[in-house]
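The values are calculated or read from the model by the stated rules, or taken from the named source; none is laboratory data. Given the structure is predicted, the values throughout are model-derived calculations rather than measurements. Cβ atoms come from the backbone with ideal geometry, glycine included; neighbour counts cover every protein chain shown. These area figures cover heavy atoms from the full protein model, side chains too; ligands, DNA and RNA do not enter into them. Shrake-Rupley method; radii C 1.70, N 1.55, O 1.52, S 1.80 Å.
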Amino acid sequence: MAKVVFTPWKEHSSLLAVRGQFYPAPFYDGPDMRSKACATVGAWKLRGNLPHPVEATALLTDAILHDDAQKNSIFSIRATYSAAFCRFVTGLVDSKLNGQRKTMFQRAIDLGLPASFVELRHEATHRELPSLTVLRNATQRSLEWLWDYYWAKTDLSADMVPGVSEPGMLDGADDDDDVEPIKAAVRTSLEQLVLEEESSEPPRKKRRFQQNVSSASTHLVSICKSSSYGASTLANVIVEDSILVPAGRKIGDSMTETFSKWGPLLQMLAEGHAPVLAALAEEMVNALAFSDSKNLKNDPHLEGTYMWLDHILRSPEWESRGRLLSPAYILAVCEQSSNHWTALLGESIREKSGPAARKVSASSQPKTESRLKRTEDAEDLKGLEKFGWAIAPAAVATPPPPDSSAGSAFAIPHVHVPYQSRLVIREVPTRQSESASASATNQSHACAVDPDVYLFSCSLLTPPGTGKGNNYAYLVTDEPTKQSVIIDPANPPEVAPKLQPKIDAGEIKLTAIVSTHHHWDHAGGNNEMLKIFGQLPIIGGKDCQSVTKTPAHGEVFKIGERISVKALHTPCHTQDSICYFMQDGDDKVVFTGDTLFIGGCGRFFEGTAPEMHKALNETLAALPDDTKVYPGHEYTKGNVQFCLAVSQSEPIKKLEAFANENKETQGKFTIGDEKLHNVFMRVNDPEIQKKTGKTDPVEVMAALREMKNNM
């Protein structure tokens with residue numbers, strides 16, 4: 001029997017109109033319609049059956065409109081923000097709501113609501129009103145959360161997007177045939193935009209194209225979130241169907257108008273679903289690297305693709321989205337598949353990453369054209385590099401040599417990449433050269449120099465391998481048996497080419513994939529890895545992609561003969577977070593995923609301050625102090641700035657100096673070091689308690705996390 005749902009709006013279009021008034025498109029330049037939207041919701045409230053997210057959006061927006069110190073007192077503004085925020089949170093997580101009786105924190109976890117929202121609600125209700133800065137930030141974050149939770153789904157239906165009716169229904173697509181419904185949905189959403197883009201219309205009608213961009217982006221983001229293959233499929237369609245490069249384009253034609261037309265759509269896609277931009281960049285660079293064009297240098301479509309990549313990587317309007325990209329992956333493709341366009345792109349990335357690189361001007365077009373004229377020079381210089389020459393552009397300072405330990409006998413070639421990029425192509429010292437303290441026994445087992453992937457061998461860790469963006473992936477190998485596991489291989493296109501030659505050469509025997517938690521940038525590559533390497537066991541938390549084994553807290557298993565692994569459950573960042581403590585003789589390491597970073601900790605996405613306190617200051621703090629820490633991301637520079645804002649202790653200053661001189665910090669610090677310079681592991685320190693105004697360790701943890709969130 002069909003379910004009847006009563007709504008306070010007569011037509012669905014009315015709800016969409018209000019959504020557009022609350023969340024106007026980035027390029028909208030008309031009057032502010034938020035007051036009208038609030039008034040409409042007020043009328044709907046009187047009719048009854050008003051969904052809580054709609055009411056909450058109106059209350060939070062009204063609080064923002066009330067934020068005028070010339071008309072209202074600061075106390076009144078804070079009280080309005082607090083009332084709106086508390087009603088928003090309470091309406092979602094009230095323990096007296098119908099259904100199974102749960103705590104507010106448990107309900108928040110179920111909904112994906114940040115635990116810090118529940119903590120802030122408690123503070124605003126039972127203690128002093130939070131500061132205006134905290135309330136403004138929380139309100140903005142709440143509106144962003146409401147968009148993802150409710151508004152983004154309001155116009156997603158089976159008739160609008162073929163093949164997609166409910167979020168998540170496309171998950172589990174394990175072969176190319178299953179991707180076809182996603183492609184069909186993507187093409188349907190893009191079709192009208194393409195038709196309008198190709199038509200020659202007067203300016204008044206062309207504004208309709210810009211208005212339709214917002215609706216199309218909402219559809220596309222919903223499609224991407226409906227499947228683990230959504231982002232890659234969308235990127236594939238955009239490149240395969242030449243959406244971003246005009247069909248009649250000629251070599252040398254300007255792309256400025258195309259950038260301004262399609263840029264807003266790409267910006268909204270990146271904002272709505274972060275993996276889209278990285279997937280699109282990889283599709284574009286692959287199109288350049290593996291093109292079968294017979295006249296590659298004079299192919300206008302390839303030139304347009306190159307110019308898009310250069311524009312995204314260098315132009316100021318894309319600067320804030322740079323964290324979503326992996327320039328190092330692009331650089332690696334350019335160097336491994338060199339041709340006219342990849343040589344130019346590689347030069348562009350190196351030029352931007354140079355310490356003395358000029359700030360990019362508002363328009364990237366002139367620089368693009370100037371680099372097109374230097375193609376022959378770039379190819380000649382690349383030829384010289386084969387014979388050991390290092391050529392530094394006049395405007396770019398020579399990159400510093402990599403950090404190397406005393407006693408290393410290896411010459412280490414280095415590719416300079418931007419700080420936020422974590423794909424490092426270089427030779428790395430073995431255990432023997434990495435530390436003078438290695439015992440003779442361990443040195444006899446030291447692994448051979450590896451030019452591409454960092455290894456954990458039976459003798460010790462040499463620097464670990466890296467995944468997409470600022471992610472780290474780690475290969476762990478027991479040398480006597482060659483048995484190996486790969487930890488968090490989130491981006492198989494980067495990881496697989498490094499593993500396969502080692503497998504083929506008999507250097508490793510891949511026996512399992514290990515995931516620290518279920519987030520896509522850690523476990524999102526598991527299915528693809530299984531396609532490449534066969535049906536391997538996947539060890540990880542219960543929500544990790546294709547997991548086959550979830551070890552109990554404290555459970556011990558072995559890699560090969562010598563490496564023991566203890567699983568440590570550390571729920572908070574996600575409820576399925578697991579850290580892995582490994583020991584080989586006297587050598588001890590811990591892989592902490594997004595629970596513990598050097599100088600910091602992960603956000604409380606699915607957990608609470610008590611859980612993070614237990615994870616850091618009970619579970620991990622109980623490990624031997626000489627245990628080296630290998631986190632899931634390179635966040636040290638940002639973390640140390642926060643630590644300095646809280647404490648000016650000498651250990652923190654030393655961490656700052658190291659971070660400023662070294663782009664990688666994984667494995668360079670121990671649990672003992674973290675107890676000294678990581679403020680999240682100093683919650684019992686009077687200095688930290690004074691800074692936060694709290695004395696209870698859990699409350700100190702909560703305050704520190706909120707301070708870091710607002711930094």
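Apart from one condition, residue 529 fits all of (1) out of contact with any Asp or Glu (no Cβ under 8 Å at 6 or more places or on another chain); (2) touching a residue at least 12 places away in the same chain (Cβ under 8 Å); (3) open to solvent by 40 Å² or more (accessible area, probe 1.4 Å); the exception is (3). Filtering the range 680-711 to residues that are in contact (Cβ under 8 Å) with a residue 60 or more places away in the chain and closer than 20 Å to residue 654 by Cβ leaves 680, 681. Against the list (1) in contact with a Gly (Cβ under 8 Å, 6 or more places away or on another chain); (2) open to solvent by less than 40 Å² (accessible area, probe 1.4 Å), the condition residue 267 fails is (1).
This table checks each residue for (1) part of a helix (DSSP H, G or I); (2) open to solvent by 30 Å² or more (accessible area, probe 1.4 Å); (3) among the hydroxyl-bearing types (Ser, Thr, Tyr); (4) farther than 14 Å from residue 474 by Cα.
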| position | (1), (2), (3), (4) |
| --- | --- |
| 493 | yes, yes, no, yes |
| 499 | yes, no, no, no |
| 535 | no, yes, no, yes |
| 553 | no, yes, no, yes |
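The set of residues in the range 270-301 being open to solvent by less than 30 Å² (accessible area, probe 1.4 Å) and within 20 Å of the chain's Cα centre (by Cα) consists of 270, 272, 275, 276, 277, 278, 279, 280, 281, 282, 284, 285. Taken together, the residues in the range 557-586 that are in contact with a His (Cβ under 6 Å, 6 or more places away or on another chain) and either modelled with pLDDT under 95 or open to solvent by 10 Å² or more (accessible area, probe 1.4 Å) (or both) amount to 3. Quick check: is even one residue across the range 625-639 open to solvent by 20 Å² or more (accessible area, probe 1.4 Å), more than 22 Å from residue 471 (Cα to Cα) and touching a Lys or Arg at 6+ places or on another chain (Cβ under 7 Å)? Yes, some residue in the range 625-639 is open to solvent by 20 Å² or more (accessible area, probe 1.4 Å), more than 22 Å from residue 471 (Cα to Cα) and touching a Lys or Arg at 6+ places or on another chain (Cβ under 7 Å). Select from the range 29-67 the residues that are in contact with a helix residue (DSSP H, G or I) (Cβ under 8 Å, 6 or more places away or on another chain) and in a loop (DSSP other than H, G, I, E, B) and write down the one among them that is most open to solvent (accessible area, probe 1.4 Å). The qualifying residue most open to solvent (accessible area, probe 1.4 Å) is 33.
So, residue 257, is that one surrounded by fewer than 19 Cβ atoms within 10 Å (Cβ to Cβ) and either in contact with a Lys or Arg (Cβ under 8 Å, 6 or more places away or on another chain) or farther than 30 Å from residue 545 by Cα (or both) or not? Yes: the conditions hold for residue 257.
I'd like to check something: does the range 587-605 contain any residue that is part of a helix (DSSP H, G or I), modelled with pLDDT of 95 or more, of a type outside the set (S, T, N, Q) and open to solvent by less than 50 Å² (accessible area, probe 1.4 Å)? Checked against the condition, which is being part of a helix (DSSP H, G or I), modelled with pLDDT of 95 or more, of a type outside the set (S, T, N, Q) and open to solvent by less than 50 Å² (accessible area, probe 1.4 Å), the range 587-605 yields no hits at all. Here residue 331 clears all of (1) open to solvent by less than 20 Å² (accessible area, probe 1.4 Å); (2) of a type in the set (A, V, I, L, M); (3) not in a helix (DSSP H, G or I) except the condition numbered (3). Is it the case, given these coordinates, that residue 687 is in the same structural domain as residue 476 (by the TED database), surrounded by 18 or more Cβ atoms within 10 Å (Cβ to Cβ) and not small (Gly, Ala, Ser)? Against the criterion (in the same structural domain as residue 476 (by the TED database), surrounded by 18 or more Cβ atoms within 10 Å (Cβ to Cβ) and not small (Gly, Ala, Ser)), residue 687 does not qualify.
Quick grid of which residues meet (1) part of a helix (DSSP H, G or I); (2) of a type outside the set (A, V, I, L, M, F, W, C); (3) farther than 18 Å from residue 602 by Cα; (4) at pLDDT 95 or above:
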| residue | (1), (2), (3), (4) |
| --- | --- |
| 637 | yes, yes, no, no |
| 642 | yes, no, no, no |
| 648 | no, yes, yes, no |
| 655 | yes, no, yes, yes |
| 659 | yes, no, yes, no |
| 663 | no, yes, yes, no |
| 666 | no, yes, no, no |
| 674 | yes, yes, no, yes |
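Would the range 92-103 turn up any residue that is modelled with pLDDT of 85 or more and not in a loop (DSSP other than H, G, I, E, B)? Yes: one or more hits. Pairs linking a residue in the range 633-652 that is touching a residue at least 24 places away in the same chain (Cβ under 8 Å) to a residue that is surrounded by fewer than 18 Cβ atoms within 10 Å (Cβ to Cβ) and in a loop (DSSP other than H, G, I, E, B), with Cβ atoms under 7 Å and 6 or more positions apart or on different chains, are 642/711.
Could you check, for the range 615-623, whether at least one of its residues is of a type in the set (D, E, K, R) and under 24 Å from the mean Cα position of the chain (by Cα)? Within the range 615-623, none of the residues are of a type in the set (D, E, K, R) and under 24 Å from the mean Cα position of the chain (by Cα).
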